[in-house]
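Peer 1: Can you keep this structure in mind? I'll have questions shortly.
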Amino acid sequence: LCFDSSYCNDDPVVTDEKLDTYNLPFKTQALIHYIESEHSFTQGNHIMVKLGADFTYGNARSWYNSMDKLLETLKDHPKYHIFYSNPTIYMEAKAEETTVVNPKVKWTTKTDDFFPYSDTEHVR
């Protein structure tokens, strides 16, 4: 999902069923598919849905308008509890989940390069 008009030009979420561009079910299903894909290789039930990439928030209003519509649509979903968050809240939830709910979970330690952009000539 990309809702930045200056970078990726994906269609925004359109909730009006009278419009030819109505796409709420498609966009909702795309988000659910992404969540299920992330869940397939993530330990535990808390998943951070990462949105955007470098330079994709030139039009933040477009992003938030579309994401607000998706979150509103999924707010009463029986399987998912989706909300805006931040890395601290996410890590606290993961820590609680793996110490209280499933203490057998063991996390790996990252030891390779933390700065992946340093491998190109122009950033050295």
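The values are calculated or read from the model by the stated rules, or taken from the named source; none is laboratory data. These numbers come from a predicted model, not from an experiment. Methodologically, a virtual Cβ is constructed for each residue, glycine included, from the backbone with ideal geometry; neighbour enumeration extends over all protein chains shown. Surface areas here come from the heavy atoms of the whole protein model, side chains and all, with no ligands, DNA or RNA. Shrake-Rupley method; radii C 1.70, N 1.55, O 1.52, S 1.80 Å.
Peer 1: Which condition does Ile82 not pass, out of (1) part of a loop (DSSP other than H, G, I, E, B); (2) surrounded by fewer than 14 Cβ atoms within 10 Å (Cβ to Cβ); (3) at pLDDT 90 or above, if it passes all the others?
Peer 2: Every condition holds for Ile82 apart from (2).
Peer 1: When you go through (1) assigned to a helix (DSSP H, G or I); (2) at pLDDT 80 or above one by one for Ser118, which number turns out not to apply?
Peer 2: Of the numbered conditions (1) assigned to a helix (DSSP H, G or I); (2) at pLDDT 80 or above, the odd one out for Ser118 is (2).
Peer 1: List pairs: first residue in region 88-116 and under 18 Å from Ile47 (Cα atoms), second residue open to solvent by 100 Å² or more (accessible area, probe 1.4 Å) and at pLDDT 80 or above anywhere in the structure, Cβ distance under 6 angstrom, at least six positions apart or on different chains.
Peer 2: Within 6 Å, no pair qualifies.
Peer 1: Which residues, taken from region 5-64, are outside any loop (DSSP other than H, G, I, E, B), open to solvent by 60 Å² or more (accessible area, probe 1.4 Å) and either of a type in the set (Phe, Trp, Tyr) or in contact with a Gly (Cβ under 7 Å, 6 or more places away or on another chain) (or both)?
Peer 2: Phe26, Tyr34, Tyr64 - these are the residues of region 5-64 that are outside any loop (DSSP other than H, G, I, E, B), open to solvent by 60 Å² or more (accessible area, probe 1.4 Å) and either of a type in the set (Phe, Trp, Tyr) or in contact with a Gly (Cβ under 7 Å, 6 or more places away or on another chain) (or both).
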